[in-house]
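What follows is a short report on a single structure.
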Amino acid sequence: MTRQGLLVGALFLLCILITIGQPRFLTIYNWLNILQQAASIGLVSSGVALLMIGGGFDLSVGSVVALGGYLVAVGFGTGLPIPLVILLAVLAGAAVGAVNGYGVAYLRIPALIMTLGMLYVVRGGVLFLSGGETAGRGYPESFTFLGKGDLIGLPVPVIIMGAAYVALYLVHKKTRFGRYTIAVGTDAEIARRAGVNSRFHVAKLYILSGALAAAAGVMLSARLNASTTNAGIGYELEVIASVVIGGTSLFGGEGTIAGTLLGVVFLAVVHNALNLLGVSPFLQQFAIGSLLLFSAAADILAPLLAQRRLNLAALSQFRRPQSG
Amino acid sequence: MTDHDGKAEFPCLEVQGISKRFGGIQALDNASLSVYPSEIVGLVGANGAGKSTLINILAGVTRADEGEIFVDNTRVAINDPINARQLGIEIVYQNLALIETLDIASNIHLGRELVQRPRLFQWLNESRMQAQAKELLSSIGLDLNPKLRVRNLSGGQRQGVALARAIFFQARIVLLDEPTAALGIAETLATLEIIEQFRDHGLGVMVVSHNLEDIFRITDRIVVMRAGRVVGARTTAETTSAEIVNLITMGAAEEAI
């Protein structure tokens, strides 16, 4: 809770500082632009957030974004109807998630290695199949609406991202699935002894993460009106940074969906501000990496500091002179 | 269902000829014992005697190589933890097996959450679970807010939550692994009192402990294990601490000669 308060405060302060330096920042146009650009990373982050609360980790999401976009090109190339094109792409992402989940939960391959491997397997596969070229462009307008359209004054990608966050917020807080996610992320063996099918649950979380990453790829190809094979490169850093800055524990069991959205917006604002202020994109990577490390350090140090305070409090009780 | 002694006719839990081998180690060797309703059985023995393995087999965490298990005179197979629960067997593990990041009510209901209709979304019925948890806690004399996170509880309070969870869902047999090992004196006494309540409510209880003082305070019978075998069973009122210690160590002494 305090972590998110801190984040809101930092975001607010950042906004004030940027507005002083560049008044254009505070226009609705700029904000909708920020949110629209953040939408695909935001969509990926929502799934990864739940996965990380469940103790998992996914580096392969960026490649799955490219896979989703590539399959849009393939789908339209074979003349499939739009809903089927989208469904196929999302299912392919879920399949990659299933492979990740099987490897991590059943074969016990460390998540870092499993999803790093899949990062290259999927990216390499997409590059090979597409010959490294942009796989498709010039999609029907009813499809690009998903990436570029407006509905009730809001960009459609922002609405999609918002819907995903509302849905996952409810899943996390209100459903048995969310409860099991917290339990498995805290201690999978204890959850198993309580009757939770821990391994299968972890696999489901990877499937969710893969499906949402592919959906983000679909959305991105709609926004760009093209399926580029380098889509989603570097997403893993942005996504994990958003989730961790949003207060999700690196060790699983703890985290919030709302905090993740805050983390996504925070990073998007940082990017936007650095752009508006004319800072080099190379330095932006430096900044995001630093923010990730800072948040990770806070995640590890905060419980230690709290424990130290408790110990000191306990000590001072012993030192108190006895009455009577 | 009771005879003139006030004792049930048949045990609620009976284990016959259970063996379990881990690689070259014979953890359990033809072990047999029984627990009757309204009875507390103490299971004692040195480290490595096979007590924990036996508990794990009854919990459905490990599977026996040989032997039979009966619940209420019916032969059963316990393949996983869900199986054990369905049979009314509840375990209180030494580490308590609570999820620290969840609150008390969520821990009590973990794996058996109440969901609202329609069941499609598995929407949790939070208010009913909280109310049930509150009622359950006060029934064993614990005044705790079920919304508290387990992380913020003391050792004794955690033990209370673990004990409450054990009796929540039609448990008939409760197995406790070292329930007092990590507790202070006052907390130990409170825990033993709750265990005695289990017996008074008709449950069959088995307590694994190294603390013979606790064992003599609450048990009706004491079963001694050594090297995977049951080497003796005594009625608590008719035995002495010295005899039990002798049973626990006897074999070792003989082998040493």
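Across segment A:240-290, what is the number of residues that are of a type in the set (Ser, Thr, Tyr) and crowded, with 24+ Cβ neighbours inside 10 Å?
3
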message: Being open to solvent by less than 10 Å² (accessible area, probe 1.4 Å), more than 14 Å from chain A (Cβ to nearest Cβ) and in contact (Cβ under 8 Å) with a residue 24 or more places away in the chain: is that true of B:Gly141 here?
response: no
query: Looking only at residues in segment A:183-195 that are among the β-branched types (Val, Ile, Thr) and surrounded by 24 or more Cβ atoms within 10 Å (Cβ to Cβ), which one is nearest to the other protein chains (Cβ to nearest Cβ)?
result: A:Thr186
task: Report, ordered by the first and then the second residue, all pairs with beta carbons closer than 9 Å, sequence separation of six or more or different chains, a first member in segment B:102-113 that is over 15 Å from A:Gly185 (Cβ atoms), and a second member that is among the charged types (D, E, K, R) and in a loop (DSSP other than H, G, I, E, B).
output: B:Asp103/B:Lys147; B:Ile104/B:Lys147; B:Ala105/B:Lys147
message: Can you tell me which residue is surrounded by the most Cβ atoms within 10 Å (Cβ to Cβ) among those in segment A:291-323 that are in contact with a Phe, Trp or Tyr (Cβ under 9 Å, 6 or more places away or on another chain) and modelled with pLDDT under 85?
response: A:Asp299
Selection status of A:Ala164, assigned to a helix (DSSP H, G or I), facing another protein chain (nearest Cβ under 8 Å) and either open to solvent by 50 Å² or more (accessible area, probe 1.4 Å) or in contact with a helix residue (DSSP H, G or I) (Cβ under 6 Å, 6 or more places away or on another chain) (or both): no
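Conditions (1) free of Cβ contacts under 8 Å to residues at least 12 places away in the same chain; (2) more than 30 Å from B:Leu148 (Cα to Cα); (3) acidic (Asp, Glu), marked per residue:
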| residue | (1), (2), (3) |
| --- | --- |
| B:Ala46 | no, yes, no |
| B:Leu58 | no, yes, no |
| B:Asp65 | no, yes, yes |
| B:Ala97 | no, no, no |
statement: B:Gln132 meets each of (1) farther than 25 Å from A:Ala167 by Cβ; (2) out of contact with any Leu (no Cβ under 9 Å at 6 or more places or on another chain) with one exception, condition (2)
- line: When (1) touching a residue at least 24 places away in the same chain (Cβ under 8 Å); (2) of a type in the set (A, V, I, L, M); (3) more than 14 Å from chain B (Cβ to nearest Cβ) are applied to A:Leu274, the one that fails is (1)
statement: Among B:Gln170, B:Gln157, the single one that is on the phi > 0 side of the Ramachandran plot and open to solvent by 50 Å² or more (accessible area, probe 1.4 Å) is B:Gln170
query: touching a strand residue (DSSP E or B) at 6+ places or on another chain (Cβ under 8 Å) and either without any contact (Cβ under 8 Å) to a residue 12 or more places away in the chain or more than 7 Å from every other protein chain (Cβ to nearest Cβ) (or both), is that true of B:Leu136?
result: no
query: Pick from A:Gly9, A:Gly79: which is outside any helix (DSSP H, G or I) and surrounded by fewer than 19 Cβ atoms within 10 Å (Cβ to Cβ)?
result: A:Gly79
statement: For A:Gly234, the lone unmet condition from (1) open to solvent by less than 40 Å² (accessible area, probe 1.4 Å); (2) farther than 30 Å from A:Gly125 by Cα is (2)
message: Show me the helices (runs of 4 or more DSSP H) entirely contained within segment B:19-131 in which 2 or more residues are modelled with pLDDT of 90 or more and facing chain A (nearest Cβ under 9 Å).
response: B:104-109
task: Return yes or no: is B:Gly160 under 25 Å from B:Leu43 (Cβ atoms) and without any contact (Cβ under 8 Å) to a residue 40 or more places away in the chain?
output: yes
- prompt: Considering only residues of segment A:124-156 that are in contact with a helix residue (DSSP H, G or I) (Cβ under 7 Å, 6 or more places away or on another chain) and among the aromatic types (Phe, Trp, Tyr), which is farthest from A:Ile34 (Cα to Cα)?
  reply: A:Tyr139
- prompt: Would a scan of segment A:233-242 turn up a residue that is without any contact (Cβ under 8 Å) to a residue 60 or more places away in the chain and aliphatic (A, V, I, L, M)?
  reply: yes
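Among the residues of segment A:115-133, is any surrounded by 12 or more Cβ atoms within 10 Å (Cβ to Cβ), outside any helix (DSSP H, G or I) and of a type outside the set (Ser, Thr, Tyr)?
Scanning segment A:115-133 turns up no residue that is surrounded by 12 or more Cβ atoms within 10 Å (Cβ to Cβ), outside any helix (DSSP H, G or I) and of a type outside the set (Ser, Thr, Tyr).
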task: Working only within segment B:58-80, note down all residues that are of a type in the set (A, V, I, L, M) and either open to solvent by 10 Å² or more (accessible area, probe 1.4 Å) or over 17 Å from B:Val223 (Cα atoms) (or both).
output: B:Ala59, B:Val61, B:Ala64, B:Ile69, B:Val71, B:Val76, B:Ala77, B:Ile78
statement: Being within 14 Å of chain B (Cβ to nearest Cβ), open to solvent by 20 Å² or more (accessible area, probe 1.4 Å) and part of a helix (DSSP H, G or I) narrows A:Phe177, A:Phe145 down to just A:Phe177
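The values are calculated or read from the model by the stated rules, or taken from the named source; none is laboratory data. Computed from a predicted model, the values in this text were never measured in an experiment. Note that each Cβ is placed from the backbone with ideal geometry, even for glycine, and that neighbours are counted across all protein chains shown. Protein only, heavy atoms only, side chains kept; ligands, DNA and RNA dropped before computing areas. Shrake-Rupley method; radii C 1.70, N 1.55, O 1.52, S 1.80 Å.
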